[in-house]
Structure formats: structure tokens, C-alpha cells
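Right, one structure below, let's go through it.
The values are calculated or read from the model by the stated rules, or taken from the named source; none is laboratory data. Nothing here was measured: the structure is a model prediction, and the numbers come from that model. In this analysis, Cβ positions are derived from the backbone assuming ideal geometry, glycine residues included, and neighbour counts consider all displayed protein chains.
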Amino acid sequence: MAPIMSRIAIIGAGVSGIATAKQLAHHNPVVFEASDSIGGVWSHCSYRSTKLQSPRCDYEFSDFPWPDRDNSSFPSHLEILDYLRSYAKHFDVLKYVRFNSKVAALRYLGNGEPPANGRSPGEYGSLLAGQPVWEVAVQTNGSETIQVVIFTLTNMHDFLLLRLGFEFVVVCIGKYGDIPIIPEFPEEKGPEIFEGKVLHSLDYCKLDHDASTHLLKDKKKLVVSKFIESYLLHKLPLEKYGLKPDHPFVEDYASCQMAIMPENFFPEADKGKIVFKRSSKWWFWKKGIEFEDKTKIETDVVVLATGYDGKKKLKAIMPEPFRSLLEYPSGVIPLYRSTIHPLIPNMAFVGYVESVANLHSSELRSIWLARLVDDKFKLPGVVEMLERTQKEVEVMKRTTRFYKRNCISTYSINHSDEICEEMGWTSWRKKSWLSEAFSPYTSQDYLN
């Protein structure tokens, strides 16, 4: 493997990671990807039936349209992976990616204060400090020898632990996959007393066709999940099955909790092959699941579709005192332009804050970040950035009780406008005022 000689590290080669690598290509970044493939959750956390939740023309890079972008069908995860790989190949991004290289930890090399970089008090400073600011510990395959510029090496059984120094780190690991949320149960009512099989949806999605068929064939299955109002009520028979949420659809939209149902989902329910049980509390007994109303269901397999802990994933690699700042001050990570934490030096987060069009948002933020790295513009002061993020949290609080999910869907257009203006672009992306007033925005409107 070629020596690693770069000032910038990018963690993760999902959608956000490859978009950021493309925009920072002139800095020769290194991208650490834990798996053997790009694509993030599309690669390692998708089911055979997984599809995009919108038409392909709403999920494309501004300078790389889908070949059949007018196709109104929702592409499968395999089609999306093919699109992402084509993008990476077209822009020669793969040469920056180090596969099977998991970032185990980050260590700040300063003395508790961000590097001076010629900054004045209260300023964030330049993103390229001229000296290593972060040490990145990378767990990689021990059968290979990697030469690096700045590193220490630890032998640990079947892998090597490399420690590399970088001036700037971009975290692109997202929220989903990797760390599942496992419910807590009363004593002696957990999965240990269940005589069947318990697994999280993260484990299930990694099974191949034969393994998943063997697991579920001729068995009673129970899936524990949070059913959201993902379509308008007149399109889904939620009331018929007692699944209508206690909150309005707009709160799901405002917190990016929207989904499409698999094909034939409700027709299968009509046949009695899928049975619903709504309950806020439940636990295990030896033959299955017991609910708070004392009813019991016998089952052979329990799948916990209980989500993922994205914040815990970030905390796992962040050192103190920066780990504590991830929840400052309101339980929501304060990210200016959904990218820069004002109190964490020489680091950016791309792809953590969600929108209704995540690929577009990640691309636009990566363009903004690349121009910031190149000193095309300056950030506001630290206090001003923190005040701005707090105002955005207040907007989220007014629109949804699920505001801690870090979603900007209710003000995503305004968010994009402000990013454009800060970069020196016009926020009017259409060719005429009529188009501005009446035509929907797409990624291609942001091709500069």
C-alpha cells in the first residue's frame, strides 16, 4: 500500500465521504473506510427490498446526473451503489480511500487550546494549521505493512494499530449502522430468558439470502419497531391496524422520520401474514414477548428494529473534553452550517445533520467546506456561530418533539441559500424569477 502523505483525513467513504473527498481532491486527502466498499449504509446496512424514498432525480450529485434521471421509479440500493461507484470512478476518488481501515480513536495534539493559526481571540481560525492537530488511530489488516509519515505502530493479534497525525479531520460516519440501540429490560425479563433467537436489524441486514431464509423459514417471527406516519393517512391504512401515531405527520417530516413501505406490505397484512401489536412497554418470557396489557405472543425469532445510536458512534472515537461538547448545550450537537462545531478545532462533520435530501445537503456542505479550507471566506466568531446554532435548535423545538434528531427539513431551502451566500454565490439558482417562484429546486441548480 502506498505511503499516507496528507494534511487532511476523512473518516468514512459513504455518500458524504466521497463527496468531501472529491471537493478536497486538490489537497490529496486520505479517506479511512472501515469496510471493503464505498457507499456507507447503502453497502453494508441494506436489505434486498431496500429502495430510495424519492425519485432518482432528487438524489444525485450536481455534476453527475443519473443516466436515466427521468425514470420516476425509486431505485434499489443496488442501483444506488452502482451510481455512487460510477461517481467515485468518474472523479477518480477511489485512489484516496484506504479500505478495511477503521478509525479506533482520535487524540487532540494541542494543550487544550486550538492552534493559533494567526487567529484573534474569539475566532475559529484556519482549518489547516501547518502542523498536526489530530492523531488518528487506525485499525487495519495486520497482514500488510503500511508506511506512514507520522505514526506509531502497535501489534494487536490480527491487526495493526496505526497512529497518524493530520492538520484537519472531516468526520463522515453518519448516524446509522454500526451501533444498534438495544432496549433495556427489567431484571430476568431480558433476551437471556428467551428460548428462541434474538437479533438486531443490523445483524439481519448482514445475512445473505441463504442465511436469512434458513433463519426465518417455517418460524414465527416478531419485529419490534417504531411505526411512523410515513405516508399521508389516506394512502396508508394506519387507522385500520391501530397504527395511527399520536403526533401529526409534520413532526415526522420535521425530524426526517419518513419512509416508504415495502411492496405488498399491507396486502400481506390483509392476508393475516403480518399482525400488528401496539404497545409502549414489553419484555421477554421464555416462549416469546409479553406486553404491558399482560398479553403474550409466542415466537421463534425476535428482530429488534429499534434504530441506531449515531451520537454514541461519534463519542466512541472522540476524546475528552470534546466528547462532552457533542451534547452542548441542549442535547443537540451545535454545528454551524451543519458542519463546524465552534468549540472543536480543526474538525468538520459532514452528513450528520439530516435533511429531506441528504445527498444534496452533503454535497453542498462539502463544497462549502472545501472553499473554507482554501480560505475563500472566513467563519464568523465562535460566539456568533454558537448563537446561530442555538436559534436553529429553537426552530426545531417549535416544529417537532423529536428535535434532537438533528434534522433541518423545515428550513433546508433557507439553509442552502445561506450557504451559497456565505460562499459568495447567489442564492437565486434558477435562470428566471418565474422559475424561482414556481419550479422545485434540484441538485443541478447548485452546479456552479
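Every residue, every condition in (1) among the aliphatic types (A, V, I, L, M); (2) more than 23 Å from L314 (Cα to Cα); (3) in a helix (DSSP H, G or I), yes or no:
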{"site": "P183", "(1), (2), (3)": "no, no, no"}
{"site": "P186", "(1), (2), (3)": "no, yes, no"}
{"site": "V198", "(1), (2), (3)": "yes, yes, no"}
{"site": "L202", "(1), (2), (3)": "yes, no, yes"}
{"site": "D210", "(1), (2), (3)": "no, yes, yes"}
{"site": "H214", "(1), (2), (3)": "no, yes, yes"}
{"site": "D218", "(1), (2), (3)": "no, yes, no"}
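Does any residue of the stretch 415-427 turn out to be outside any helix (DSSP H, G or I) and under 20 Å from the mean Cα position of the chain (by Cα)? For the stretch 415-427, residues outside any helix (DSSP H, G or I) and under 20 Å from the mean Cα position of the chain (by Cα): absent.
Go through the residues of the stretch 110-123 one by one and say whether even a single one is over 27 Å from K376 (Cα atoms), modelled with pLDDT under 95 and not in a loop (DSSP other than H, G, I, E, B). Please lay out each step first, then the result.
Filtering the stretch 110-123 down to residues over 27 Å from K376 (Cα atoms) leaves 111-112.
Subset that is modelled with pLDDT under 95: 111-112.
Subsequent filtering for residues that are not in a loop (DSSP other than H, G, I, E, B) retains none.
Checked against the condition, which is being over 27 Å from K376 (Cα atoms), modelled with pLDDT under 95 and not in a loop (DSSP other than H, G, I, E, B), the stretch 110-123 yields no hits at all.
Taken over the stretch 285-305, the criterion of being closer than 30 Å to I11 by Cβ and surrounded by fewer than 17 Cβ atoms within 10 Å (Cβ to Cβ) is satisfied by A305 alone.
For every residue, the table says whether it meets (1) modelled with pLDDT of 75 or more; (2) charged (D, E, K, R).
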| site | (1), (2) |
| --- | --- |
| S225 | no, no |
| L232 | no, no |
| L236 | no, no |
| Y241 | no, no |
| P245 | no, no |
| E251 | no, yes |
| C256 | no, no |
| A259 | no, no |
| E263 | yes, yes |
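Every condition in (1) under 30 Å from T213 (Cα atoms); (2) within 17 Å of the chain's Cα centre (by Cα); (3) modelled with pLDDT of 90 or more is met by A316 except one, and the failing one is (1). Taken over the stretch 345-357, the residue count meeting the criterion of being over 9 Å from the mean Cα position of the chain (by Cα) and crowded, with 24+ Cβ neighbours inside 10 Å is 3.
Tell me yes or no: at least one residue of the stretch 369-385 is within 18 Å of the chain's Cα centre (by Cα) and surrounded by 18 or more Cβ atoms within 10 Å (Cβ to Cβ). Scanning the stretch 369-385, I find at least one residue that is within 18 Å of the chain's Cα centre (by Cα) and surrounded by 18 or more Cβ atoms within 10 Å (Cβ to Cβ), so the answer is yes. I'd like to know if the stretch 371-380 contains one or more residues that are modelled with pLDDT under 85 and either in contact with a helix residue (DSSP H, G or I) (Cβ under 8 Å, 6 or more places away or on another chain) or closer than 24 Å to L325 by Cα (or both). No. Can you tell me how many residues in the stretch 22-71 are within 20 Å of the chain's Cα centre (by Cα), aromatic (F, W, Y) and either outside any helix (DSSP H, G or I) or on the phi > 0 side of the Ramachandran plot (or both)? So the count comes out to 4. Scan the stretch 78-98 and give yes if some residue there is within 18 Å of the chain's Cα centre (by Cα), of a type in the set (D, E, K, R), over 22 Å from R371 (Cα atoms) and at pLDDT below 95, otherwise no. Scanning the stretch 78-98, I find no residue that is within 18 Å of the chain's Cα centre (by Cα), of a type in the set (D, E, K, R), over 22 Å from R371 (Cα atoms) and at pLDDT below 95, so the answer is no.
Within the stretch 354-370, does at least one residue satisfy the condition of being farther than 30 Å from P55 by Cβ, of a type in the set (A, V, I, L, M) and touching a helix residue (DSSP H, G or I) at 6+ places or on another chain (Cβ under 9 Å)?
Taking the stretch 354-370 as the starting set, the residues that turn out to be farther than 30 Å from P55 by Cβ are none.
Taking every residue of the stretch 354-370 in turn, none turns out to be farther than 30 Å from P55 by Cβ, of a type in the set (A, V, I, L, M) and touching a helix residue (DSSP H, G or I) at 6+ places or on another chain (Cβ under 9 Å).
If you go through the stretch 82-96 and keep only what is surrounded by fewer than 21 Cβ atoms within 10 Å (Cβ to Cβ) and touching a strand residue (DSSP E or B) at 6+ places or on another chain (Cβ under 6 Å), you end up with just Y87.
Give me the helices (runs of 4 or more DSSP H) completely within the stretch 251-367, filtered to those with at least 2 residues that are of a type outside the set (D, E, K, R) and closer than 24 Å to I179 by Cβ, ordered by residue number. If you could, list the steps in order and put the result at the bottom.
Working: elements: 265-270, 310-315, 322-325.
Fully inside the stretch 251-367 and qualifying: 310-315, 322-325.
When restricted to residues that are out of contact with any helix residue (DSSP H, G or I) (no Cβ under 9 Å at 6 or more places or on another chain) and exposed (fewer than 12 other Cβ atoms within 10 Å of the Cβ), the stretch 274-284 contains 3.
Only a single criterion out of (1) modelled with pLDDT under 90; (2) assigned by TED's automatic domain parsing to the domain that holds I18 is not satisfied by W368, namely (1).
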